[in-house]
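The structure appears right after this line, and notes come after that.
FYI, it's all coordinate maths here, none of it is from the lab. Keep in mind the model is a prediction, meaning the values are calculated, not measured. Reconstructed Cβ throughout: ideal geometry from the backbone, glycine too, with neighbour counts over all protein chains shown.
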Amino acid sequence: MNAVIAVALPVFGIIAAGLAAGRLGAMTAEDSQALNKFVFRFAMPAALFGLTAGTAPPGREDLAIAGAYAIAAFVSLAAAYVLSQSLFRLTKQEAGAHAFASTLGNAVFLGLPIALSIEGWARPFVSLMLIEGTFVLAIGAALIAPRRDGGAFLSRVAGVFAGAVRNPLVAGMVAGFVYAALGLPFTGPFETFFNLLGRAAGPTALFALGLFLATHAFPKLGSVAGKIASIALVKMAVLPAVALSAAYLLGVSDPAYRGALALFTFVPCGVVSFVMASQYGVYKTEAAAAVSFSTMLSVLTISGGLIVFA
């Protein structure tokens, strides 16, 4: 319970502050967009570079939790895709958006700020972000994109993988890993610069998330309840269960790594699922509702995970 009070309460408090700023009219949707751009393009890449540049190359446990999450993500994508078509008679493109929302989490704006505040959790959490930022994003986007945009499925996957590498977050992580692998020193003013800029990422991202929820219209849950329940079940229950089981079978023994994996899978649906759905003009209402509902539900899942693992 102390972990919930020390970590979760301030985190959700910052989100609530952003929510209040939006509801009271002190800040607007444009402000939310500006804050997100700062986090996405500058602060978070700096934080990720700083986390990876000063550490040793990935070890056995890093690879093990990455493998555990990759297995869980594949299971979630496949299960959500098949179930959505059989239960709700969705088109292939709608089923792709449903599967994407059921798997991609809000790791950047909610999970990472929490991981940064718990000793030993940041490094494995970043390793998981690298897998999600390439594997899940590429597969999910390829499933959502209409055929005319990219031809064959494998060609679309390859194209999105190439795009993921140009993502500032992925670029920051990869650059940090390369820097560390080269054995270059990460000290002095160079380290201070990235640490100072990176510290702004967490609270700014959390505040921007609350402001986003306050300034964007979400549909009434009743109109899409069945689909949202299906997304939430896979994202908040199936994905964590498979990931943690796979981690156990792969021999992950470090409590910090197990905790980081639990947090990574307990976070709500990522806002990117709504952004992607909007980009392709499919499943927007359901994706928006999934982000809203799962974010509220994550108060329980993240707090429970911190009680067990922190």
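Per-structure values
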read-out	value
Shape category assigned to region 175-310 from the gyration tensor of Cα positions, a/c cut at 1.5	oblate
Positive minus negative residues near GLY67 (Lys, Arg vs Asp, Glu; Cβ under 12 Å)	-1
Sorted by Cβ neighbour density within 10 Å, fewest at the top, the residues VAL299, VAL39	VAL299, VAL39
Cα gyration tensor, region 18-115 - rounded (a/c under 1.5), prolate or oblate	oblate
Highest-MSF residue in the chain out of SER32, SER294, SER117 [GNM, Cα springs under 10 Å]	SER117
Length gained when the stretch ARG89-LEU24 is fully extended (0.36 nm per residue, less Cα-Cα span)	19.3 nm
Computed magnitude of the charge dipole of the chain (debye, nearest 20; Cβ of K, R +1, Cβ of D, E -1)	680
Label-to-label distance, nm, for residues given as LEU182 and ASN195 (7 Å Cα→Cβ offset)	2.2
Structure-based [θ]222 nm, the chain - -39500 (n - 2.57) summed over DSSP H runs of at least 4, per residue, nearest 500	-22500 deg cm²/dmol
Choice from MET173, MET276, MET27 with maximal GNM fluctuation in the chain (Cα, 10 Å cutoff)	MET27
Volume per residue that the Cα convex hull of region 2-309 spans, once the total is divided by residue count, Å³	127
Mean Kyte hydropathy of -0.5 or more with a Cα span along the axis of at least 24 Å, helices from DSSP in the chain	60-88, 284-309
Among THR134, THR91, THR215, residue whose mean-square fluctuation peaks in a GNM of the chain (springs only between Cα atoms under 10 Å)	THR91
Signed unit charges on C-beta, dipole axis of the chain, positive-most listed residue VAL282, ALA262, LEU63	VAL282
